[in-house]
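Down below is the structure, laid out as structure tokens.
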Amino acid sequence: MTIDGAAVPGDRQVEVVNPATGAVCGLAPVCTPEHMDAAMRAAAGAWRRWSADETALRERLRAAAKAVGAAAGRIGALVTAEMGKPLPLAVGEAYAAAATLRHHADLELPPEVLQDDRRGYAELVRRPLGVVAAVTPWNFPVAVAAAKLAPALRAGNAVVLKPSPYAPLATLELGRVLAGVLPTGLVNVLSGDDALGAAMVAHPVPAHVTFTGSVPAGRRVAARAGGDLKRYVLELGGNDPAVVLDDADPDELAERLFWDSFANNGQACVLIKRLYAPRRLHARLVDALADRARAARVGDPTTKGTQLGPLAHRRQFSRIADLVAAARSRGARVAAGGAAPDGPGLYYAPTVLTGVDDGDPVVDQEQFGPVLPVVPYRDVEDAVRRANASSYGLGGSVWSADPERAWAVADRLECGTVWVNGHALLGPDQPVGGMKCSGIGLEGGRLGLAEYTAAQVRRRPPTGPR
């Protein structure tokens, strides 16, 4: 762990398992209450010094970006070992983390002038909150860590961060890299189970909590943070619908639809989780997607050319297998995949399902894995109703040969981000947030940066005649 700039091994360790082989790939230290208190004290003592010099803050963030980029190969290899992402994508994730730090170093936080007239001058400025407690997931361990660290640090805060116990190694390495270039105590990285995250949220020091995870866990975070009136941002996943309109060409769209559903083995919150197709195109679209699923290269994530590795951990593998089995028991047809190949590792073939409908768990729940249900609809009204009939509201998309027509339908989807003829197209200036149970608050862009600040209004009388 990284606590107050020092490498801390912990009193005991737990094994981290490589999902591609089932072998132990590393040991992660277990944080004690004393470790957590030390990290909180370090962060509380560091943030005021950090936020006092804007120029130095930006320079250090750029240095942090450079250091993470230089360590991208090492960090990426750990991501692959602990959660099964193909190595080029894992290294790319580390480079993306560096880019996130670099981007935030250049973001401005200018005062907003509210009044400037004969009655006086008033402006709104953004102040740091203090200490941020950050809890991150296993699917993009380094990228999501950077997405929380970068705005928190740019706003002048210090951070105590906990990665998922399923994939802690790369984030622990990220903490060591940052400790070499950032002021002591500014970024502290702890490792442990879910109880550690709960203790961090309830700890009296943090003023803000940022959490990415499940809806039930998010509710618990909100309840604990609310006890101390802490601010919080919750990114709680999604069950993103994609609606294909009746003028679309299935063969033309199938490649994009497939990878917008199955990238990272479907283990991403902003991916297509349920696909609605007009009845007359349904069979053609299922066949085109099934062809892509059978052609996808699934295998050892360290082998060149692999597109999909194993699922990240045993619990997730079992969930996917259970959802597919339940769908089959209700009459679903497996157009492709639907089984795990023989041999070691948590591999599961990319699976396209038909004969499913709203009300089936595989449609209503966020699968978070390599399974795509394709559901027929009657008309656009039916498609919009089905797409919106969910407790989630993170992302959605509409696909059509007529972008203007798709734009009009997209306007009716109840989600935080909606795309036309694409999905999960994100940029550093684009905030991401959800409606309904998909979360509270925003991440990314200037609006995401503002979540890590307190707004302060400053006012003075006029300085001269008007």
Residues of the range 20-72 classified as closer than 22 Å to P88 by Cβ, in contact with a helix residue (DSSP H, G or I) (Cβ under 6 Å, 6 or more places away or on another chain) and either open to solvent by less than 40 Å² (accessible area, probe 1.4 Å) or not in a strand (DSSP E or B) (or both), total: 7
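From the list A23, A70, pick out the single residue that is hydrophobic (A, V, I, L, M, F, W, C), modelled with pLDDT of 95 or more and closer than 30 Å to A105 by Cβ. Spell out the reasoning first.
Numbers: A23 fails: closer than 30 Å to A105 by Cβ.
The unique qualifying residue is A70.
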Residues located in the range 233-258, provided they are open to solvent by 60 Å² or more (accessible area, probe 1.4 Å) and touching a residue at least 24 places away in the same chain (Cβ under 8 Å): D246, D249, D251, E255, R256
Residue that is farthest from V17 (Cα to Cα) [pool: residues in the range 78-113 that are among the charged types (D, E, K, R) and in contact with a helix residue (DSSP H, G or I) (Cβ under 8 Å, 6 or more places away or on another chain)]: D106
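In the range 400-443, how many are assigned to a loop (DSSP other than H, G, I, E, B) and either under 17 Å from the mean Cα position of the chain (by Cα) or modelled with pLDDT under 95 (or both)?
The qualifying residues number 16.
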Tally, over the range 218-232, of residues that are in a helix (DSSP H, G or I) and either open to solvent by less than 20 Å² (accessible area, probe 1.4 Å) or among the charged types (D, E, K, R) (or both): 6
Selection count where residues are under 22 Å from T453 (Cβ atoms) and surrounded by fewer than 18 Cβ atoms within 10 Å (Cβ to Cβ), scope the range 162-204: 2
Unmet requirement for D11, which otherwise passes all of (1) within 27 Å of E93 (Cβ to Cβ); (2) touching a helix residue (DSSP H, G or I) at 6+ places or on another chain (Cβ under 9 Å); (3) open to solvent by 80 Å² or more (accessible area, probe 1.4 Å): (1)
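Just checking, which of A134, A158, A105, A94 is hydrophobic (A, V, I, L, M, F, W, C) and either in contact with an Asp or Glu (Cβ under 9 Å, 6 or more places away or on another chain) or surrounded by fewer than 24 Cβ atoms within 10 Å (Cβ to Cβ) (or both)? Please lay out each step first, then the result.
Values: A134 fails: either in contact with an Asp or Glu (Cβ under 9 Å, 6 or more places away or on another chain) or surrounded by fewer than 24 Cβ atoms within 10 Å (Cβ to Cβ) (or both); A158 fails: either in contact with an Asp or Glu (Cβ under 9 Å, 6 or more places away or on another chain) or surrounded by fewer than 24 Cβ atoms within 10 Å (Cβ to Cβ) (or both); A94 fails: either in contact with an Asp or Glu (Cβ under 9 Å, 6 or more places away or on another chain) or surrounded by fewer than 24 Cβ atoms within 10 Å (Cβ to Cβ) (or both).
Going through A134, A158, A105, A94 in turn, just one is hydrophobic (A, V, I, L, M, F, W, C) and either in contact with an Asp or Glu (Cβ under 9 Å, 6 or more places away or on another chain) or surrounded by fewer than 24 Cβ atoms within 10 Å (Cβ to Cβ) (or both): A105.
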Matching residues, the range 243-295, being in contact with a Gly (Cβ under 9 Å, 6 or more places away or on another chain), hydrophobic (A, V, I, L, M, F, W, C) and under 23 Å from W407 (Cβ atoms): V243, V270, L271, I272
First in the range 31-45 and in contact (Cβ under 8 Å) with a residue 60 or more places away in the chain, second anywhere and open to solvent by 30 Å² or more (accessible area, probe 1.4 Å), Cβ under 6 Å, 6 or more apart: M40/V205; A42/D4; A44/V205
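Which residues, counting only those in the range 432-447, are within 8 Å of G393 (Cα to Cα) and of a type in the set (A, V, I, L, M, F, W, C)?
Filtering the range 432-447 down to residues within 8 Å of G393 (Cα to Cα) leaves 434-438.
Residues satisfying the conditions are M435, C437.
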Options R319, R279, R328: the member that is of a type in the set (K, R), over 16 Å from G422 (Cα atoms), under 25 Å from the mean Cα position of the chain (by Cα) and open to solvent by 10 Å² or more (accessible area, probe 1.4 Å): R319
First in the range 89-100 and touching a residue at least 12 places away in the same chain (Cβ under 8 Å), second anywhere and of a type in the set (S, T, Y) and part of a helix (DSSP H, G or I), Cβ under 9 Å, 6 or more apart: L89/T80; A90/T80; V91/T80
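The values are calculated or read from the model by the stated rules, or taken from the named source; none is laboratory data. Given the structure is predicted, the values throughout are model-derived calculations rather than measurements. Heads up, the Cβs are rebuilt from the backbone with ideal geometry, glycines too, and the neighbour counts pull from every protein chain shown. Note: areas computed on protein heavy atoms with side chains; ligands, DNA, RNA excluded. Shrake-Rupley method; radii C 1.70, N 1.55, O 1.52, S 1.80 Å.
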